[in-house]
1. Those residues that are open to solvent by less than 80 Å² (accessible area, probe 1.4 Å) and either at pLDDT 75 or above or among the hydrophobic types (A, V, I, L, M, F, W, C) (or both), I need them from region 183-199; list them, please.
2. Residue by residue through region 134-161, note down the ones that are at pLDDT below 70 and either touching a helix residue (DSSP H, G or I) at 6+ places or on another chain (Cβ under 9 Å) or β-branched (Val, Ile, Thr) (or both).
3. Which condition breaks for Asp321 when tested against (1) over 45 Å from the mean Cα position of the chain (by Cα); (2) crowded, with 18+ Cβ neighbours inside 10 Å?
4. Only residues that are surrounded by fewer than 16 Cβ atoms within 10 Å (Cβ to Cβ) and of a type in the set (A, V, I, L, M, F, W, C): list them for region 200-219, please.
5. Please enumerate the residues belonging to region 87-106 that are within 14 Å of Ser155 (Cβ to Cβ) and either among the hydroxyl-bearing types (Ser, Thr, Tyr) or modelled with pLDDT of 80 or more (or both).
6. Just to be sure I understand the filter: pairs with C-beta atoms under 7 Å, separated by 6 or more residues or on different chains, first member in region 383-396 and in contact (Cβ under 8 Å) with a residue 24 or more places away in the chain and over 15 Å from Val448 (Cα atoms), second member surrounded by 14 or more Cβ atoms within 10 Å (Cβ to Cβ) and polar (S, T, N, Q). Which pairs pass?
7. In this structure, is Arg282 farther than 17 Å from Leu430 by Cβ, at pLDDT 90 or above and open to solvent by 80 Å² or more (accessible area, probe 1.4 Å)?
8. Exactly one of (1) farther than 30 Å from Met270 by Cβ; (2) in contact with a Pro (Cβ under 9 Å, 6 or more places away or on another chain); (3) open to solvent by less than 80 Å² (accessible area, probe 1.4 Å) is unmet by Ser292. Its number?
Amino acid sequence: MSSSVLERLRRKVGFRLSLWFILFFVVSYGALFALTYFLLATAIQDRERLLLGAWLKETELLYEKGGVDALRQWMQGQPPKLQKSLFVRLVSGTNNVTLINVPTEWVTFTDTPSDWNDYRHEEDVVIRIPEDAERDFVLDSSVFADGTLLQIGRSTTNRELLLHLLRHSFFWVGGVAVILGILAGNLFSHRALRPVQQIVDTAQTIIRTGRLDARVPRRALNDEFDELICLFNTLLERNEALLSAMREALDNVAHDLRTPLTRLRGVAEMALSPNAEPGAPREALADCVEESERVLAILNTLMDITEAETGMMKLERTRVDLCELVREVVDVYRYVAEERKVSLQPELPGACEAEVDRNRIRQVFANLLDNAVKYTPAGGQVRIAVRNERAWMVTVFTDTGIGIPEEEQVKIWARLYRGDKSRSQRGLGLGLSLVKAVVGAHGGTATVSSAPGRGAEFTVKLPKHITSDRK
C-alpha cells in the first residue's frame, strides 16, 4: 500500500474511528484475558491445596491410630490414576525414611537436597516445574510429637491442560473478533458518517457548479446529524436568498443611479455645448447639485440601513413623547396631504413616552406617513394611532390606499424593492428598509397587514425602556 493511500486513509475520520475501536477492543479483550487467566490459575492452585490438606489430615489420623500399616492400606486403596501422581513419605525423628511412595509421573528436582531437610519444617509448599510452566508438584507436611515427618505430595497437570485450552481459545476467538471488529467498525463508521459525507458532497457540488439550489437529502431519524443537515440546508437557503437579494439590490441600485448619472452627463454636455445659452451653465450646475443630492441620499440611506442592521448605528436615547413626535410629523405632511385631498387623523393618548433616538424615530414615522399619503387616492384618509401597552409603545399607521399583495408583504422590507404598483411613484425604494432597520436597532418590531384594495396597516412596536443587552 503506497504512502498516498495511507495518507488518504489517515485523513478519513471513519478509518481513525475504526482504528480506535479496534485498539480499545484489543486492550479490553487482553485485560479480560489476563484477569481470567490469573483467576483460573489461582482457583486451580487453591483447589489443589485444599485437596492435599484434606488428605494430610486424613493420613495423620490413620497414622496415629494404625501406624505405618494403616498408611500403606490407605495408599493401596486409592484409585490407580491417583496412585500414579501421589507422593507419600514418612521420615522418623532421626531422618530415617520408614515409608515412601514415589509416583510414576515423578518429576526430578535437580536443585532439591536429597535428605529433604529444607522441607522438614515447611508446610503447604507448591513447586512449579519448571517455574514458568503449568505442571505443578504440590507438597504438604505435618510433624508429629515424636518428631516424625509426614509428607503428602501430588503431581498434577490441571493447570497445563486448562490454561493451554484457555490460551488456545483466546487467540482463536480474539483473532476472529478482531476481524469482525474491523469489518463492523468500518461499516458502522461509514453509516454513521454518511450524513457528513453528504454535506461534503453537496458543498463540493456548489463549489464546482455554482448551483446554490443544491441541498443535502434529509433523513427521518431526527438525530444530531439530521439537525446538522437541517441547519446546513437552512444556511444554504439563507445564503441563496441573500445572494439573490444582493443581485436584485445591485440591479436596483444600478437602475436608480443610472437615471441621475445620465441626467448629470446630459446636463453637463449641454452646458459645454458651443451653442449653449449664456445662462445654461448655471442651470446645469443647479441640476447637477440636485441629482448629486439624490445619489448622495441613496448612498447615505444604504449606509444607515447597514449600520442599523449590524448594530453599529449610534442611538442617542432619551425620554421622548411619541405623541408629540407624531404631531410634528403630521404637521410637516399636512400640506402635502391636503394637496392630494387625503385627510390625516391622529389618535393620540395623554402619555406615550419611550426611551428612543428622537431623530431616528421621527425619520421612521415620516417614512411611514409619506408612504401612506403617497399610496392613498384622493378622498382617502390616513389614521395614526398610538397605544400604551405594558412594556411597549405601539404606533399604527392605517391608510385606505391601494393595499399590498400578500406575496409582496415580505419583500417590501428589502432594500430598493419597489412593487409593480409603486413604480409610477417617485422614491428610492429604501424607506421601509430603513424603518425596519432602525426599529430593530431600538429592540422593536415593524410589521404590515394589508390586502389589495383595502389599504395597509403598518405597526411599529418600541420598548418603553432600554433592555439590558442594548444599553
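1. Ala184, Ala192, Leu193, Pro195, Val196, Gln198, Ile199
2. Within region 134-161, Glu134, Arg135, Asp136, Thr157, Asn158, Arg159 meet the criteria.
3. Checking Asp321 against (1) over 45 Å from the mean Cα position of the chain (by Cα); (2) crowded, with 18+ Cβ neighbours inside 10 Å, the one that fails is (2).
4. Hits for region 200-219 are Val200, Ala203, Ile207, Leu212.
5. Those that are within 14 Å of Ser155 (Cβ to Cβ) and either among the hydroxyl-bearing types (Ser, Thr, Tyr) or modelled with pLDDT of 80 or more (or both): Phe87, Val88, Arg89, Thr104.
6. Val386/Thr395
7. no
8. So the condition that Ser292 fails would be (1).
The values are calculated or read from the model by the stated rules, or taken from the named source; none is laboratory data. All figures in this text were calculated on a predicted structure; none of them were measured in a lab. Cβ: placed from backbone, ideal geometry, glycine included. Neighbour counts: every protein chain shown. Accessible surface is based on the protein model in full, side chains and every heavy atom, while ligands, DNA and RNA are left aside. Shrake-Rupley method; radii C 1.70, N 1.55, O 1.52, S 1.80 Å.
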